[in-house]
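Quick notes on the structure that follows.
The values are calculated or read from the model by the stated rules, or taken from the named source; none is laboratory data. This structure is a prediction, so every number in the text was calculated from the model and none was measured. Glycine also receives a Cβ, built like all others from the backbone with ideal geometry; neighbour counts cover every protein chain displayed. Areas reflect the complete protein model, heavy atoms only, side chains present, ligands, DNA and RNA absent. Shrake-Rupley method; radii C 1.70, N 1.55, O 1.52, S 1.80 Å.
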Amino acid sequence: MAYLIPPELFELLEYFVLFLLVIYTTGSAYLAVSVKSVYHAVVWLIFCLLGVAMIFLLYAGSALLLVIQIIVYAGGITILMLFAISLSGKDAMFEKPGSGKLMDWRLSFAGAFLLFMITAYVLTQVSSVFWALQDLAAKDVENFDNVLIGNLAEQMFTTHGGTILTLGLLLLGAMLGSVYLVKKEVEDL
Amino acid sequence: MIADASIFVGIALLLFFIGLAGFIKSKSAIRMLIAVELMLNSANINFAIFALYNDVGFVTGQIAVIISIALAAAEAAVGLGIILSVYRNHGTVEATDFQSLKG
């Protein structure tokens with residue numbers, strides 16, 4: 001069978017796509033916590049969430065998670081945040097410089113980097129033992145299609161039915177609670 | 001599949017620590033919420049990727065991600081409700097200015 005693209009080049013392209021995705025996701029996450037305007041931070045958060053959605057599709061093999069991630073996170077929560085910023089007036093758009101400084105920006109990132117390195121080291125030590133014990137190997141992309149959405153839905157309402165019911169009650173409580181929080185203030189005015 | 005789980009554990013770790021650094025650094029309550037969302041997303045990546053390495057847990061892992069996303073939505077709704085309420089009472093969304101519960 002003749003390949004349109006040589007397999008070696010294809011593998012190289014796959015690594016390149018993965019590299020781009022990593023840079024895109026972590027870069028936009030960094031910008032989401034570092035840009036001055038909170039509006040821009042939310043826009044960078046949307047980009048980061050889309051990157052995570054791509055990871056769900058390409059490497060976790062789940063189109064459903066991609067759809068949920070885009071609808072709920074990138075399209076729902078972030079819009080809610082934009083509304084909250086708009087309703088909070090001008091003060092919410094930019095952080096006050098210097099007020100209530102918790103830690104120097106560079107120091108906090110140095111600390112986070114150090115924590116990252118320590119955790120990565122511990123994980124590599126632990127994970128090598130873990131993989132050896134479990135004898136796990138990366139699966140082929142073809143296996144991704146084995147789990148259909150029907151199977152997922154069936155398990156959601158049988159095996160995990162109690163969890164989903166609890167989650168529904170929690171969401172109802174959250175909705176009523178947030179409505180109460182905002183409504184009470186309106187009545188007071 | 002070209003990439004093994006360690007790459008995605010690395011991405012999740014990076015996202016988590018970026019979120020943690022943002023949470024520690026930020027003064028705005030909305031930006032703190034953004035940092036928490038980043039940390040939750042790192043957990044979601046781990047759920048989805050580790051689910052691949054377990055035949056029994058493949059569907060369970062995806063359901064865990066769905067539950068986590070729903071919880072994040074509830075947390076964001078309540079969090080933003082609190083932020084709006086605090087803004088009405090105090091006229092600011094700076095987390096360091098919320099001192100009503102201080103003894």
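Of the residues screened, A:Ile5 is one that is among the β-branched types (Val, Ile, Thr) and over 26 Å from B:Glu75 (Cα atoms).
This table checks each residue for (1) out of contact with any helix residue (DSSP H, G or I) (no Cβ under 9 Å at 6 or more places or on another chain); (2) open to solvent by 10 Å² or more (accessible area, probe 1.4 Å); (3) free of Cβ contacts under 8 Å to residues at least 12 places away in the same chain; (4) of a type outside the set (Val, Ile, Thr).
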position	(1), (2), (3), (4)
B:Gly10	no, yes, yes, yes
B:Gly22	no, no, no, yes
B:Lys25	no, yes, yes, yes
B:Ala29	no, yes, no, yes
B:Ala35	no, no, no, yes
B:Ser42	no, no, no, yes
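Residue-wise test of (1) touching a helix residue (DSSP H, G or I) at 6+ places or on another chain (Cβ under 8 Å); (2) in a helix (DSSP H, G or I); (3) among the small types (Gly, Ala, Ser).
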{"site": "A:Ala41", "(1), (2), (3)": "yes, yes, yes"}
{"site": "A:Leu50", "(1), (2), (3)": "yes, yes, no"}
{"site": "A:Met54", "(1), (2), (3)": "yes, yes, no"}
{"site": "A:Gly61", "(1), (2), (3)": "yes, no, yes"}
{"site": "A:Leu64", "(1), (2), (3)": "yes, yes, no"}
{"site": "A:Ile70", "(1), (2), (3)": "yes, yes, no"}
{"site": "A:Ala74", "(1), (2), (3)": "yes, yes, yes"}
{"site": "A:Leu80", "(1), (2), (3)": "yes, yes, no"}
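Residue-by-condition table, conditions (1) more than 8 Å from chain A (Cβ to nearest Cβ); (2) within 20 Å of the chain's Cα centre (by Cα); (3) open to solvent by 10 Å² or more (accessible area, probe 1.4 Å); (4) within 30 Å of A:Tyr39 (Cβ to Cβ):
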site: B:Phe16; (1), (2), (3), (4): yes, yes, yes, yes
site: B:Met39; (1), (2), (3), (4): yes, yes, yes, yes
site: B:Ile69; (1), (2), (3), (4): no, yes, no, yes
site: B:Ile82; (1), (2), (3), (4): no, yes, yes, yes
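Selection of region A:18-51 for residues being more than 8 Å from chain B (Cβ to nearest Cβ) and touching a residue at least 40 places away in the same chain (Cβ under 8 Å) yields A:Lys36, A:Ser37, A:Tyr39.
Being buried (at least 21 other Cβ atoms within 10 Å of the Cβ), of a type in the set (Val, Ile, Thr), within 7 Å of chain A (Cβ to nearest Cβ) and assigned to a helix (DSSP H, G or I), is that true of even one residue in region B:89-100? No, because not a single residue in region B:89-100 is buried (at least 21 other Cβ atoms within 10 Å of the Cβ), of a type in the set (Val, Ile, Thr), within 7 Å of chain A (Cβ to nearest Cβ) and assigned to a helix (DSSP H, G or I). In region A:30-47, the residue that is most open to solvent (accessible area, probe 1.4 Å) out of those that are within 18 Å of the chain's Cα centre (by Cα) and over 19 Å from A:Leu80 (Cβ atoms) is A:Tyr30. For the structure I just gave you, tell me whether B:Ala43 is closer than 29 Å to A:Gln155 by Cα and within 7 Å of another protein chain (Cβ to nearest Cβ). Taking the combined requirement at face value, the residue does not satisfy it. Here B:Asn54 clears all of (1) surrounded by fewer than 18 Cβ atoms within 10 Å (Cβ to Cβ); (2) over 17 Å from the mean Cα position of the chain (by Cα); (3) facing chain A (nearest Cβ under 7 Å) except the condition numbered (3). Considering (1) over 16 Å from A:Met54 (Cα atoms); (2) more than 17 Å from the chain's Cα centre (by Cα), the lone condition that A:Val17 does not fulfil carries the number (1).
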